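Novice: Before we start, here is the structure in question, set down as structure tokens.
The values are calculated or read from the model by the stated rules, or taken from the named source; none is laboratory data. None of these values were measured; they are calculated from a predicted model. Because the Cβ atoms are built from the backbone with ideal geometry, glycine has one as well, and the counts that use them run over all protein chains shown. Protein only, heavy atoms only, side chains kept; ligands, DNA and RNA dropped before computing areas. Shrake-Rupley method; radii C 1.70, N 1.55, O 1.52, S 1.80 Å.
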Amino acid sequence: SDWMRRIQGLIAKAESTDQPAEAEALLAKAQTLMTKHAIDEAMLNASRHADRESVSSQIVPIDAPYASAKSTLLAAIAQANNVKAIGHRNGNYTLVGFPSDITATEVMFASLSLHATREMLATPVPYYDTPRAFRHAFIIGFAGRISRRLKEAAERAQREYEDESGASTAIVLANKNREVEDAFSEMFPRTRQRSASTSSRSGGISGGAAADRANLARSVGGGQRALG
């Protein structure tokens, strides 16, 4: 679709540039487009009857190393884009949401996980830390900060949308969220929440600083584990 090609184009440019400010601006614009497109789709879906879009699911593998830490990043991006994420014992994850939101989540996760990995490998491991503990904590710290920034971005995009269109989105988005929650509960009636842990304070701090450099806030969401 045209909107996804535009987003993929912005993200590709962000990944290829060696100018941090340019990369930040491109990622911010991509998130803005993702959020506003999601609102457009929700408003249109609310007016449809027989041909309205329905909630679906998608399997997403997360590659080692640091797969459990990367899952916290996936959860942060999914939450900002109204998608639920759940992990399975085989290492795969399932995203539950509307199709365009799932696609947007996958695209942004691919980009931000690459960004986090690059930043992680470029950051020296302190002499008092072990590489594995530091890097695991780095990604968790990155994900935690990105989570807050994406939430702020989505809220800002919603306000901008309402200012531009003159239409209230609160009820439509609340109904959309309820549909996703209901579908998720039906697909996975028995889940348990879990939070990621870390043994490296310095890694978490460094990861948070790397997420700050991504600066997305200037733009605009039994045997199984529910993320976020």
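Novice: Return the residues of segment 158-177 that are touching a helix residue (DSSP H, G or I) at 6+ places or on another chain (Cβ under 8 Å) and open to solvent by 60 Å² or more (accessible area, probe 1.4 Å); say none if nothing qualifies.
Specialist: Selection gives GLU160, SER168, ASN175.
Novice: From LEU26, LEU44, LEU73, which residue is over 18 Å from ASN175 (Cβ atoms) and open to solvent by 20 Å² or more (accessible area, probe 1.4 Å)?
Specialist: The match here is LEU26.
Novice: Within segment 1-93, considering only helices (runs of 4 or more DSSP H) that don't extend past its boundaries, which have at least 2 residues that are touching a strand residue (DSSP E or B) at 6+ places or on another chain (Cβ under 7 Å)?
Specialist: It comes to 67-80.
One line per residue, one yes/no per condition, for (1) assigned to a loop (DSSP other than H, G, I, E, B); (2) more than 17 Å from the chain's Cα centre (by Cα); (3) modelled with pLDDT of 85 or more:
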{"site": "PHE142", "(1), (2), (3)": "no, no, no"}
{"site": "ILE146", "(1), (2), (3)": "no, no, no"}
{"site": "GLU160", "(1), (2), (3)": "no, yes, yes"}
{"site": "LEU173", "(1), (2), (3)": "no, yes, yes"}
{"site": "ARG178", "(1), (2), (3)": "no, yes, yes"}
{"site": "SER195", "(1), (2), (3)": "yes, no, no"}
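Novice: Right, something else. Going by the structure shown, is HIS115 over 27 Å from ALA183 (Cα atoms), at pLDDT below 85 and either open to solvent by 10 Å² or more (accessible area, probe 1.4 Å) or of a type in the set (A, V, I, L, M, F, W, C) (or both)?
Specialist: Answer is yes for this residue.
Novice: Does segment 122-143 hold any residues that are within 25 Å of ALA80 (Cβ to Cβ), out of contact with any Ser or Thr (no Cβ under 7 Å at 6 or more places or on another chain) and open to solvent by 30 Å² or more (accessible area, probe 1.4 Å), and which are they? Give the derivation first.
Specialist: Taking segment 122-143 and keeping what is within 25 Å of ALA80 (Cβ to Cβ), we get 123, 135-143.
Filter again for out of contact with any Ser or Thr (no Cβ under 7 Å at 6 or more places or on another chain), leaving 135, 139, 142.
The answer is ARG135, and nothing else.
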